[in-house]
1. For all pairs of alpha-carbon atoms in segment B:133-181, what percent lies in each bin of width 5 Å, listed from the first bin to the last filled one?
2. Can you tell me the relative contact order of segment B:4-469? Whole percent, Cα pairs under 8 Å, sequence separation 6 or more.
3. Below 8 Å between Cα atoms, with a sequence gap of 6+, how large is the relative contact order for segment A:1-78 in percent?
4. In what sequence do A:Ile246, A:Ile226 fall when counting other Cβ within 10 Å, fewest first?
5. How much of the calculated P(r) for segment A:113-252 lies past 19 Å, in percent of all Cα pairs?
6. Specify, per residue and in Å³, the volume enclosed by the convex hull of the alpha carbon atoms belonging to segment A:158-200.
7. For a quick check: with amide H placed at 1.01 Å from N, whose amide H comes under 5 Å from A:Glu145's, ignoring anything fewer than 5 positions away on the same chain?
8. How high is the relative contact order of chain A, in percent, counting Cα pairs under 8 Å that sit 6 or more residues apart?
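Bear in mind that the values in this text are calculations on the coordinates, not laboratory data. Note that the structure is a prediction, hence the values are computed from the model and not measured. So basically every Cβ, Gly included, is an ideal-geometry build from the backbone, and we count neighbours across all protein chains shown.
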Amino acid sequence: MSQSLRIENLHASVDGHEILKGLTLEVPKGQVHAIMGPNGSGKSTLSKVIAGHEDYTVTQGSVFLDDINLLDLEIDERSRAGFFLAFQYPHEIPGVSNANFIRAARQARLPKGEEIDAIAFYREMYAKMDELGMDRKFTARSVNEGFSGGEKKRNEILQMMMLEPKYAILDETDSGLDIDALKIVAQGVNAMRSPERGFLVITHYQRLLDYIVPDVVHVLHDGRIIHTGGKELAYELEEKGYDWIINEPVAA
Amino acid sequence: MPDSATLEAVTIDQDEGNFSYPEDYAHDAGYGLDEGTVDYISNIKGEAEWIREFRQKALKVFFAKPMPTHWASKDLENIIFKDIRYYLSKGQAPTRSWDEVPDDVKKTFERLGIPEKERKYLAGVEAQFDSEAAYSNVKEELTKEGVIFVNSTEGLREHPEIFRKWFGKVIPTGDNKFSALNSAVFSGGSFIYVPPGVKVKHPLQAYFRINAENFGQFERTLIIVDEGAEVTYMEGCTAPKFETATLHSAVVELVAMKDAKIQYITVQNWSNNVFNLVTKRGLAHENAEIRWIDCNIGSRLTMKYPGVIMKGRKARGEVISIALANDGQHQDTGAKMIHAADETTSNIVAKSISVGTGRSTYRGQVHIPKHLKGCKNNTECDALLINSSSRTDTYPAITVRGNQHATQHEASVSQVSEDQIFYMKQRGLSEGEAMSLSVNGFVNDLVREFPMEYSVELKRLIDMEMEGSVG
């Protein structure tokens, strides 16, 4: 079985309105792919459909994580199978400390009856927070509550580092970040790049791809991948916009 | 964090509570309630005449008072008083040694983890099985200091000079229909006296267990803490899941003398056939403090509004309340704060969670009369709804007269959003785990008020409830 996140002919709709219209794309382990596309092309829908959000109905197609059909699994099972989504708008969980939340997520991955080693857990989390330049006080604060945009995004990366997924989608992780925060977040992601892990980075701007350099860039338009190229494609898009691709005939 | 042994020792969940032993009672007052029932109870206990008269008078008040269904739930009409048994006991005096406790009773409390708790962190324990205490023990050093911790029968018989003065004074018989019922048929409960200046370091605990079906448990508790003394009392309650309704109707009176402190903690985990109708009130003298920390999980209908009458200058009253109404349950809870002296302060923080068709109601009464000066009240009530079919109502009644007082009232209703649950599930938590964590987060600031052992237990109880409430 191939070691990849494989999306094949994916059709998905919300309220009877089709948004993904036969999307096909494969992220092999060890690679970073980027998806770029104009507003409304279906970028955020893609990440939610793969995560299993109940507002979206998959009408056709498949999503495989290695040899596991993700569409057969519940939201939490997909996560435990090794899929992580860094949210564009991370939610707040009032009263639940960041440390407890991450710990509960780690605990959910252990066999029943097995307990997390609390000391090792904190040691590991502190080390990763240091890498991300996060103050220790974020362990005790409620998840994302009162966090600035940049703090929320760092917190997403912290969770990703702690959960060590096989495949991760970063959904517009660069939005709302200043350049320094962007560099730190990118550093975190780069530190996690490995032959054992694949990334799909959704972004509007080429800027992020200066720091997380992709192997492949896809262009998403109207629910389909209409163009695929190397990392230089991102610069081309930045310079020329999307129209030149959108207007070219779709390859059969 | 407590180690796993502590966790194990303090865990009580509803399924652990869901068992009962066959009935073999030496004393059974039979079904229904009349003067004969009351005499039967009084005779068995060998009570003084004044107590018998107190009971008989209360019975008349009970019959005369209508059900409070003009403001309370109509579900009260489903209590069939003639189908209830009002007194059941094995006819044994409470023992100080576990070995002498009847076998099935001992097994019951051992399954509920009581002896371990006593060893670990309690200064005294009383374990009530249906109508009477089966076990009662208090650490010797406390007895030497003059602390009394006995059941109601013994308290009134052995120490009338201490208890009679306050018995039925904080909550008069006619306060409400159920306080009258309790006054007629009360049995068991804790009578506690702490002498001046004695600060009881570890909590005293009572454990109330209903074992028999169609039964009513009517414990009576009176705690008197003398000048400058302090005590923390905790009670836990469980019952098995029977097919028919069971009634629990307690009366709890607290008296805090000058500079005294009482903290009264309840964690109830009734099965969902229990009508839980309890009257709790404390009287705080000058500079005294009474705190009710009340956690209501389970039951079919709970009606409970712990109160504090602040009778002396600078007295303080506090109610911290958590209620969780699961499918088919109604938690009607709140607080009463009666300011009766200058510079008295009260604080109410109530949080309720409604799950599925569960319903929670907050009723609060704060009374500050015109002639007083410098009184303060703070009331916060927050409700969390888990499903769109859940319901919550808030009825705050704050009467403040005069202009030399400060009151503050805040209320909120929130819902666990689907997107929040989605986010948590994306991190690998099941729906039940996500719900538990959200609910625990909602009550987190209040849970911290509980002693550590109880906050762990509370968290487990909430987990159990939430796990069971989703797919």
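1. Whole-percent P(r) values from 0 Å outward: 5, 17, 18, 22, 18, 12, 6, 3, 0.
2. Once divided by the residue count of segment B:4-469, the mean separation gives 11 percent.
3. Relative CO of segment A:1-78 lands at 40 percent.
4. A:Ile246, A:Ile226
5. Value for segment A:113-252 (Cα pairs over 19 Å): 58 percent.
6. Given the Cα convex hull of segment A:158-200, per-residue volume reads 67 Å³.
7. When sequence neighbours closer than 5 places are left aside, the close amide H contacts are A:Ile93.
8. Here the relative contact order equals 28 percent.
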